[in-house]
Amino acid sequence: MDFFRPDSLAEALAAKAEHADAVPIAGGTDVMVELNFDHRRPAALLDLGRIVELHEHGRQDGKVRIGAAVPYARIIDELGRELPGLAMAARTVGSPQIRNRGSVGGNLGAASPAGDSHPALLAANAEVEIASIRGTRMVPVKDFYTGVKRNVLAPDELITAVHIAPATGAQQFSKVGTRNAMVIAVCAFGLALHPDQKRVGTGLGSAAPTPRPATKAEEFIATELDWESPKPLADSVLRRFGALVAEAASPIDDVRGSAAYRRHALAVLARRTLGWAWSEHLGGGRRACA
Amino acid sequence: MSAPARSPQVLDDKISGGIGASPQRPDGTLKVRGEFAYASDLWHENMVWGATLRSPHPHAGIRSIGIAKALAYPGVHAVLTHADVPGENAYGLKHQDTPVLAEDRVRYQGEPVALVAADHPEIARQALKLIEVDYEVWEPVTDMERAAHDETLPRLHENGNVVRHQRIVKGDPDARADVVVSGVYELGMQDQAFLGPEAGLAVPAEDGGVDLYLATQWLHVDQKQTAHALGLPVEKVRLTLSGVGGAFGGREDLSMQVHSCMLALHLGRPVKMSYNREESFFGHVHRHPARMYYEHGATKDGDLVYVKARMYFDGGAYASKTPVVVGNGTTLSVGPYNVPNAHIEGWGVYSNNPTCGAMRGLGAVQPTYAYESQMDKLATALGMDPAELRIRNAMSEGSTTVTGQVVDFPAPVAELVRRVRDMPLPPPNTDELGFPGGAANTTHGEGVVRGIGYGVTIKNIAYAEGLDDYSTARVRLQVIGGEPTALVHTAAAEVGQGLVTVQQQIARSELGVERITLHTSDTSVGDAGSSSASRQTYLTGGAVRNACLAVAERVYALAAERFGVEATNLSGGKVVAADGAVVADLAELLGEDVIEETREYHHRKTYPLDPETGQGNAHVQYGFSAHRAVVDVDTELGLVKVVQLDCAQDVGKAINPDAVLGQIHGGSAQGLGLAVMEEIQVTDGVVRNPSFTDYLIPTILDMPPMRVDILERPDPHAPYGVRGVGEPPTISATPAVANAIRAATGLELPRVPIKPEHLTGT
Amino acid sequence: MRVNVTVNGKQRTADDVWPGESLLYVLRERLGLAGSKNACEQGECGSCTVYLDGVPACSCLVAAGQAEGGDVRTVEGLADGDRLDSVQQSFLDTGAVQCGFCTPGLLVAAHDLIERNPAPSDPQIREALAGNLCRCTGYEKIMDAVRLAVERKQATT
């Protein structure tokens, strides 16, 4: 096994172009588990640890650009105001130690349906910045996942950042696990109000082969919400929204939970998070990041 | 060969504090500095790494094992199979039914098949994959009830699939009652999940024997079994205890002991084996899953009339402690209650599921969950308060157990229930992390309902059913650096519980000496028995006391010889007469003399159960504890947050009150884990979650604050009046949490761990 | 490959490191620092927690090569010679240590918490230590230990 330690993005992309089978590693929270348990023996590791631009965030074209290796802990501390949904999701990732190392880029690279950031990224319409020596491209996150632990990356490409518009409305994230901390999602749901677009974004985690939005639920609720003169939502509307979110899922039975439970729980999460977000919208202010 | 470079330490920190105090642990400073040598930390010049090939199948024949490719892999030094086992290829705590390495068949997924020794763990891992095992895969036996009764199933061992069947009949087995409740209860497979995986270092010796440094619960039983499998006399297999990262029963059976010694003797080089977490799940036994059919009958006033129970315990592939689980399970089957009539039957069976054996609360966890569920059901049927029903039926000193044994020591069960019942209740939750779901933001209070539940248990302490249960201690008293110093030497395993502290406290109090050094535990002194069954403070504590008393007698004799005065006491470094007068300064009296005595402590005799009626004085002592759990349940999502978990326990005499608290806290956490999250999930004999990602144990956000009330009602038959502490709180916590969830939801919940699916009907 | 890393203030070098090795393995098996514990190797237990460039991390999830040129502080580096750090002393004084296998990781995590937040509430302590599993203590005395360490720190500053 080789170990590459590029000092710049250009070097990293060159290395990835030359060694397509090199596995990028940043926080190591997925890759090292696979190595420790001999589930994977890549020809090489490509350490992204010293590439400065992958560890920075800033504004670009009005959006927040988060370098692929910016750890969750910094998203929670530094981006909670602009990206509350993602910050809430970040807070549920693993443990403090994991949040100090793990990153959105890693979550996207692994493309596990259980990755905690996916629902928040979907709800907020994030775009994934992907680079190779051939150039840079932007992929809407909903088009990024192609299957269980699969994504659109070509063998020579690296995830370099995600771009997310700062929140214009309330955002929520909820995750079900069978422990009160440090748990992989049984299912998760992200929701973002976009008053500027008069729509609601959603994202489902651990509910299908890939993270996905609940498109019909989004369409339904867009017609129900009165953005001009907001009123409290009828319970029947919340329940219908929940049911449509559950319908969007195609979960499986596994060690963490049953498919039936996942559907049921998603409906509850969707109903609750929409209720919380809409109350916040009605209140005119934003609830502090939970 | 020499001792390892990193090796187990002698404990000689300057600490003071006798019986009843809570002095610092003698290994504490080493532990907080990161310098304590755990088994996985051991290192030796020239050592190689051992690794184990395990069966992927729960039930299969082995046609052949090809090792040539693995042996040829660069960096590999040895590949061994069953053909290389020097002695008898069989071991076992109760039945010698377990192969060191599988021969012509495997009986569970994870059964060891071959061994590799290599320069680096990675080389060993890759070499394991090159071993070619030709399996003929067979249908596994997986249902415990069928294994007990269905004669058409394959016989997994020569004598069939029933390891033990025990019946207990008391009074009128056909008694009738006004109010009858029944239920079928199941309990999933729990893992000890000690944090320090199995590890050890085997060093071949010049005499053809081997020195094994390891983490275990019982050095001498390991020594006996390892020597037998190695074909060596026991004195050539010397074991030394290294740091043990928790045990909870999971280290009572052999894991890497014989394997590492085989490799070391074969190579003439030190061999280290250290399991990773996944291998650890396959490398030790688990708690027996159980299915239990219960029927309770009571008068309209709430007096228990009878209990009928049939219970099945799945022992998995090998016997391990299954016979004891059946013995404990049946004899403790009605709980700490007066029950005039009973008909109990228990079966422990073989299957192709993972082997189950010792775990904290052995054989009592399963029935306690069932009978405490029944007690709540009965209270509902009677319209009675559940605590009141328990108090009304509570056994006490003088009560007769279901096996006809008269309890001749304090049994303050009613008092324990009253105490937890009367503790203050926690206020409603206001913290956002405090709701079910914790940091994951699943509720802001929606769907949350609070419930309160009780659990009470009885657990036999120490070994039972006629076993001669004892421990040994050697105590040497001499003057070192002008200060009288005692060296205490036992083979007892410190597994975290604080036995090292207790031994020092006893020696300090008995010898009136501050400076107590603990010799490393090893097999050069007599057997101490296992650090299990809540027995070590009782048995090894008793042995240390006896050895100290014998040393003191010799000091008194010395004083009588020198001064012609009869001394009766050692205190504050002085030899003291009955009237309190100081006879001599201990250091001066001893001078250059070294006084050393070795003594055993045996507990009172117990007796086997009558094979037909199950009657008999099977147990030497019982421990009792009661829990009250307060839970918040998100009834829509099926998530649970235990808000408060309070406990009252009678410990006879708290030698070290802080350590007693630590046992109650930790035991309660394991009981909580079983109630709501912990289960090794097994499908068709295959383990689906052998990792800490999917086998969940409670985090600090899952454990609530605890109030603990410690009662000290001395047992007149035990040294200092002590009563075993470690197990009861693990046992009563589980039904307390389950009953609290029932109280919150009104659901029957016949299985633990209780999962969100059970609470939401999905 | 060769890995150079500063550990507890000393420049250390490990040779013949297999690139798939973790920082934990290098610390324990190549540099003789066995204080950080290997209990799960998947970031679920926190027993291997060390400071890496000032931030607590599971050393089992750091590839050795990623630590090249880095600054590591392990449990062995918390005490000042014979003087224990106040977190270590508090763990001893409250009886927060039983088997002790989780202790090194917990000490680093608790040390970091108190450095960042000199007056943590109970929920903040719990959230900060949620990545460190303990199987012996039920966490009650660990809570006591951290509260005591906080008190002591406040008393001296």
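The values are calculated or read from the model by the stated rules, or taken from the named source; none is laboratory data. Since we're looking at a predicted model, the values are computed, not measured. Cβ atoms come from the backbone with ideal geometry, glycine included; neighbour counts cover every protein chain shown. We work out accessible area using only protein heavy atoms, side chains counted, and drop any ligands, DNA or RNA first. Shrake-Rupley method; radii C 1.70, N 1.55, O 1.52, S 1.80 Å.
Some observations on this one:
- Remark: the range B:474-482, residue by residue, has Karplus-estimated 3J(HN,Hα) of 10, 10, 10, 10, 7, 9, 10, x, x Hz, where x stands for each Gly or Pro and the curve is 6.51 cos²θ - 1.76 cosθ + 1.60 at θ = phi - 60°.
- For the range B:695-762, the Cα-based Rg and Dmax, in that order, read 16.9, 53 Å.
- In degrees, nearest ten, helix A:215-224 long axis to first principal axis of chain A (Cα): 40
- Solvent exposure of chain A as accessible area per residue, Å², 1.4 Å probe: 36
- Total accessible surface hidden between B and C, rounded to 100 Å², 1.4 Å probe: 4400
- Within chain C, helices built from complete DSSP H runs that reach 24 Å or longer along their own axis (Cα positions) and carry a mean Kyte-Doolittle hydropathy of -1.0 or higher are C:140-156.
- Relative contact order %, the range C:39-139, counting alpha carbon pairs below 8 Å whose residues are six or more apart: 33
- Relative pair counts by distance (%), Cα atoms of the protein assembly as shown, 20 Å bins: 12, 40, 37, 11, 1, 0
- In the range A:171-283, inverting the average of 1/r over every pair of distinct C-alpha atoms gives 14.1 Å as the Kirkwood radius.
- Area buried, chain B against chain A - accessible surface, total, 1.4 angstrom probe, square angstrom: 3200
- Accessible area per residue in Å² at 1.4 Å probe, computed on the range B:686-758: 26
- Based on the convex hull around the alpha carbon atoms, chain C presents an average projected area of 8.8 nm².
- Summary of the geometry: the range A:5-42 and the range A:159-208, compared by the centres of their Cα atoms, lie 27 Å apart.
- Sorted largest first, extent of the range C:1-94 alpha carbons per principal axis (Å): 43, 29, 21
- Partners for B:LYS236 among aspartates and glutamates (Cα-Cα distance below 14 Å; same-chain residues under 8 apart left out): B:GLU206, B:ASP207, B:ASP211, B:ASP222, B:ASP522
- GNM result for chain C, Cα springs below 10 Å: residue of C:THR74, C:THR49, C:THR13 fluctuating most strongly: C:THR13
- For chain A, the spread of Cα coordinates along the three principal axes comes to 59, 43, 31 Å, biggest extent given first.
- Nearest-20 debye value, the range B:545-624 charge dipole, Cβ charges on Lys, Arg, Asp, Glu: 280
- Point-charge dipole on Cβ atoms (K/R +1, D/E -1) for the range B:17-70, about Cα centre, debye to 20: 320
- Contact residues in the range B:738-758 by the 50 Å² criterion (accessible area, 1.4 Å probe, full protein complex versus chain alone): B:GLU757.
- 10 Å Cβ shell holding at most 14 others, DSSP loop, trypsin sites (Lys or Arg not before Pro): longest site-free stretch of chain A: A:199-290
- Proximal lysines to A:LYS63, defined as alpha-carbon separation beneath 21 angstrom and excluding residues fewer than eight positions away on the same chain: A:LYS142, A:LYS198
- The C and A chains share an interface that buries close to 2400 Å² of accessible area, total over both sides, probe 1.4 Å.
- Whole-angstrom gap from the range B:410-439 to the range B:272-300, using each part's C-alpha centre: 26
- Threshold 40 Å² - residues in the range C:89-108 whose accessible area is reduced by that much or more when the chain is no longer isolated, probe 1.4 Å: C:LEU92, C:VAL97, C:GLN98, C:CYS99, C:PHE101
- Projected-area mean, the range B:39-124, by convex hull of Cα positions, square nanometres: 7.0
- Principal axis dimensions, the range B:470-602 - Cα atoms, whole angstrom, descending: 45, 29, 21
- Nearest-10 value in Å² for the accessible area of B:ASP211, using the 1.4 Å probe: 40
- Probe 1.4 Å, protein heavy atoms only - accessible area per residue of the range B:487-590 in square angstrom: 31
- With every protein chain in place, the protein assembly as shown: carbon and sulfur % of accessible area (1.4 Å): 49
- Dipole of the protein assembly as shown [Lys/Arg +1, Asp/Glu -1 at C-beta], most positive-end residue of B:ALA543, B:PRO728, C:LEU33: B:PRO728
- Kirkwood estimate for the range B:213-292, i.e. one over the average of 1/r between Cα atoms, Å: 13.7
- Percent of alpha-carbon pairs separated by more than 46 Å within chain B: 23
- Residue (of B:PRO197, B:LEU187, B:LEU214) at the positive-pole extreme of the range B:98-233, dipole from beta-carbon charges: B:LEU187
- Across the range B:541-633, Cα-Cα pairs more than 22 Å apart make up 55 percent of the total.
- Computed over the range A:61-153, the convex hull of the alpha-carbon atoms projects to a mean area of 6.0 nm².
- Electrostatic dipole magnitude of the range B:470-602 [Cβ: Lys, Arg +1; Asp, Glu -1; Cα centre; debye, to 20]: 340
- Stokes-Einstein D in µm²/s, Kirkwood radius over Cα pairs - the range C:86-156 at 10 °C with 1.306 mPa s viscosity: 135
- Contact order relative to length of the range A:171-283, as percent, for alpha carbon pairs under 8 angstrom and 6 or more apart: 27
- Solvent-accessible surface, computed for protein heavy atoms with a probe of 1.4 Å, shrinks by 40 Å² or more for the following residues of the range B:32-46 when the other protein chains are added to the isolated chain: B:VAL32, B:ARG33, B:GLY34, B:TYR38, B:ASP41.
- Between the residues A:VAL23, A:VAL64, A:ILE76, the greatest Cα displacement towards the positive end of the dipole of the range A:1-109, with unit charges on the Cβ of Lys, Arg, Asp and Glu, is found for A:ILE76.
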